[in-house]
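See structure below.
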Amino acid sequence: MADERKANERDAAGNKPGLQGFDPATIEPYIVKDPEALTVNLARTVEQLGKAASAWLAPRESGEKVDTVSEPMVDMVKTLSKVSEYWLADPRRTLEAQTLLLGSYFNIWSRTLNRIGGQEAEPAPDPHGKDKRFSDEDWVKNPFFDFLRQAYFVTSDWAEKLVTDAEGLDEHTRHKAGFYVKQIASAISPSNFVTTNPQLYRETVASNGANLVRGMKMLAEDIAAGRGDLKLRQTDTSKFAIGENMALTPGKVLAQSDVCQVIQYDATTETVLKRPLLICPPWINKFYILDLNPAKSFIKWAVDQGHTVFVISWVNPDERHATKGWEAYAREGVGFALDTIKQATGEEEVNAIGYCVGGTLLAATLALHGQEGDKRIRSATLFTTQVDFTHAGDLKVFADEEQIDLMERGMKATGYLDGSKMATAFNMLRASELIWPYFVNNYLKGQDPMPFDLLYWNSDSTRMPAANHSFYLRNCYLNNTLTKGEMVLAGKTLSLKDVKIPIYNLATKEDHIAPAKSVFVGSSFFGGKVTYVMAGSGHIAGVVNPPDKMKYQFWTGGPVTGEFEDWVKKAEETAGSWWPHWHDWIKAEDDRVVPARKTGGSMNSLEEAPGSYVRVRA
């Protein structure tokens, strides 16, 4: 009786001894209040899940879509099995790996039991404390969820260590294995499941599962919108329209070819720089990343500084463009745009900008021009552009002979690579930020995503012509032919040493697509003077950084020689946007001005900017 009475006693705070970690006040939000309503909503959730399954199955049963999901899974299993072979080949290594993991689990379990027993220990060092997935206070405050969180990080860190410490792996296999481990770790995070995420659990209890009904309905809609594939919505697309609240800088489409339209923007200054400015954007996604809205538009800002701006708007290709390769994009894209500029302005000399793969194409075209004696482009600026792919980051995971061959067979059937495939690959580079938070928000919380112009642009994917994409993958990611002097374009073997014009080479510090080190290394292959600049943030935000926002910073330094890390240590940091620094560089090359030009000159325009090519959705 005394033991029973002692067990029922409460302390001054009202807690039973031994249950301090589970204060009834904190447990109450997790208790189901209306089991009947929850049961009904779970049944409705299953019904909506059935509709999602039907939307997934229908195009496969009709033959409209052939499911290839097993093929990348085979590559993942094959890659990770090579890591497993190393650790399982020696029983001692196996035991050491197991002991390391189980010892970590035991430590977590011991600390959790102590917390439940009311013995608050000194908190262990938490290198993952700033992980946004675990920002809810109950991930730490509640012993159960704290245990899950710690166990998850211990397991994922242990798995990454197995890859890092495995001996005998070639560099590409180790890179792929590390990438796959990160993808698996992102997918199995306890933050992605209702019963293991405190916020999701509370919301499900509070709404009696209504959130899951809404979420599964959205899932069915998104699979139907993707014609059998999940088209993950990252923003409210209904709030944006190209030409209405995006891509608003006034201008006209002056000409178009099979692969692009050429746009000239209206002058806003009384005088303009004599050399027009040609922008060659990537054809993976669309050019209006540089013209999202007037407050963020690099194009508008450049016009306001006195540049006569021309932009290539690439076609969103279909089966008709299957054979359009890099030569076509160089001739019918860059070359066609230069011809249009001459016709519209009478100018022979041009400043050019290339962004990402548009910059890689521009660099190759400049090398071709060097051999052909074409001197129309007098300076080139490269935004987050790789010409050397030795340090090309996680996209190299998808670029080995086996995977490229698989992709080429798929493109042969349609004539192009579907835009969703590249969008998924880019999202996988930052899965913990660009995939799973939206999965949780949309399908488990049942909430519509917030409107965000950048994510609208990100979802406005483009297809890639089969010949173009195959050339890109094989010559750049697989064989790195441009800096080896082995890339063949228009029957000529290219050398970047033939590019003797001044280059402004912009990298971004946190770039997952064109790492800053990769851009730095590529700088040394050009034949002229290169000004290397590293901006803060990543592939998009580091580029689209208007001066009046005073966000981020940029670094400048001396010649692009030696090791990247040494250059960074000596570089001078400047607060704010790099845009004015670039404009000063342009003027230092040629600051001659002429009266502002009439858009198109004597040419008749085809339509108003931003044109029709950019409006075609994949």
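The values are calculated or read from the model by the stated rules, or taken from the named source; none is laboratory data. A quick note: this is a predicted structure, and the numbers were derived from the prediction, not measured. Don't worry about glycine lacking a Cβ; one is built from the backbone with ideal geometry, like all the others, and counts go over all protein chains shown. For the accessible areas, the whole protein counts, side chains as well, though only heavy atoms, and no ligand, DNA or RNA atoms are used. Shrake-Rupley method; radii C 1.70, N 1.55, O 1.52, S 1.80 Å.
Kindly indicate whether Trp87 is over 24 Å from the mean Cα position of the chain (by Cα), under 20 Å from Thr173 (Cβ atoms) and part of a helix (DSSP H, G or I).
So Trp87 fits the description; yes.
Can you name the residue in the stretch 566-584 that is in contact (Cβ under 8 Å) with a residue 12 or more places away in the chain and more than 16 Å from Pro547 (Cα to Cα) and is also nearest to the chain's Cα centre (by Cα) among such residues?
Val568
For the stretch 483-494, does any single residue satisfy the condition of being under 25 Å from the mean Cα position of the chain (by Cα), among the hydrophobic types (A, V, I, L, M, F, W, C) and modelled with pLDDT of 95 or more?
no
Taking Asn505 as meeting all but one of (1) within 23 Å of Arg430 (Cβ to Cβ); (2) crowded, with 20+ Cβ neighbours inside 10 Å, write down the number of the exception.
(1) is the only condition that Asn505 fails.
Taking the conditions exactly as written (assigned to a helix (DSSP H, G or I), open to solvent by 20 Å² or more (accessible area, probe 1.4 Å), among the acidic types (Asp, Glu) and at pLDDT below 95), does Asp584 satisfy them or not?
Taking the combined requirement at face value, the residue does not satisfy it.
Which residues, taken from the stretch 514-544, are touching a Cys at 6+ places or on another chain (Cβ under 7 Å) and either surrounded by fewer than 23 Cβ atoms within 10 Å (Cβ to Cβ) or aromatic (Phe, Trp, Tyr) (or both)?
none
For the stretch 408-423, which residues satisfy the criterion of being surrounded by 18 or more Cβ atoms within 10 Å (Cβ to Cβ) and either in contact with a helix residue (DSSP H, G or I) (Cβ under 8 Å, 6 or more places away or on another chain) or in a helix (DSSP H, G or I) (or both)?
Scanning the stretch 408-423 gives Met411, Gly415, Tyr416, Leu417, Gly419, Ser420, Lys421, Met422, Ala423.
Restricting to the stretch 373-387, what's the tally of residues that are in contact with a strand residue (DSSP E or B) (Cβ under 8 Å, 6 or more places away or on another chain) and more than 16 Å from Ala514 (Cβ to Cβ)?
4
Please list, ordered by first then second residue, the pairs with beta carbon atoms under 9 Å, 6 or more apart or interchain, first in the stretch 502-517 and within 13 Å of Gly536 (Cα to Cα) and touching a residue at least 60 places away in the same chain (Cβ under 8 Å), second of a type in the set (Val, Ile, Thr) and surrounded by fewer than 24 Cβ atoms within 10 Å (Cβ to Cβ).
Leu506/Val533; Leu506/Val543; Ala507/Val533; Thr508/Ile540; Thr508/Val543
Pick from the stretch 587-618 the residues that are open to solvent by 40 Å² or more (accessible area, probe 1.4 Å) and touching a Leu at 6+ places or on another chain (Cβ under 8 Å): which of them is nearest to Ile242 (Cα to Cα)?
The selected residue is Leu606.
Scan (1) in contact (Cβ under 8 Å) with a residue 60 or more places away in the chain; (2) buried (at least 22 other Cβ atoms within 10 Å of the Cβ); (3) under 30 Å from Ala241 (Cα atoms) for the single condition Pro547 breaks and write down its number.
(2)
The rows are residues; the columns are (1) in a helix (DSSP H, G or I); (2) open to solvent by 10 Å² or more (accessible area, probe 1.4 Å); (3) out of contact with any strand residue (DSSP E or B) (no Cβ under 8 Å at 6 or more places or on another chain).
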| residue | (1), (2), (3) |
| --- | --- |
| Ser238 | yes, yes, yes |
| Lys252 | no, yes, no |
| Ala255 | no, yes, no |
| Ala267 | no, yes, yes |
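It is to be established whether one or more residues within the stretch 600-612 are in a strand (DSSP E or B) and closer than 20 Å to Phe287 by Cβ.
So far as the stretch 600-612 goes, yes, one or more of its residues are in a strand (DSSP E or B) and closer than 20 Å to Phe287 by Cβ.
Scan the stretch 28-39 for residues that are assigned to a helix (DSSP H, G or I) and either touching a residue at least 60 places away in the same chain (Cβ under 8 Å) or within 39 Å of the chain's Cα centre (by Cα) (or both) and jot them down.
Scanning the stretch 28-39 gives Pro29, Tyr30, Ala37, Leu38.
I'm trying to understand the selection: among the residues of the stretch 478-492, which are open to solvent by less than 30 Å² (accessible area, probe 1.4 Å) and either in a strand (DSSP E or B) or basic (Lys, Arg) (or both)?
If the condition is that a residue be open to solvent by less than 30 Å² (accessible area, probe 1.4 Å) and either in a strand (DSSP E or B) or basic (Lys, Arg) (or both), then Leu489 is the only one that fits.
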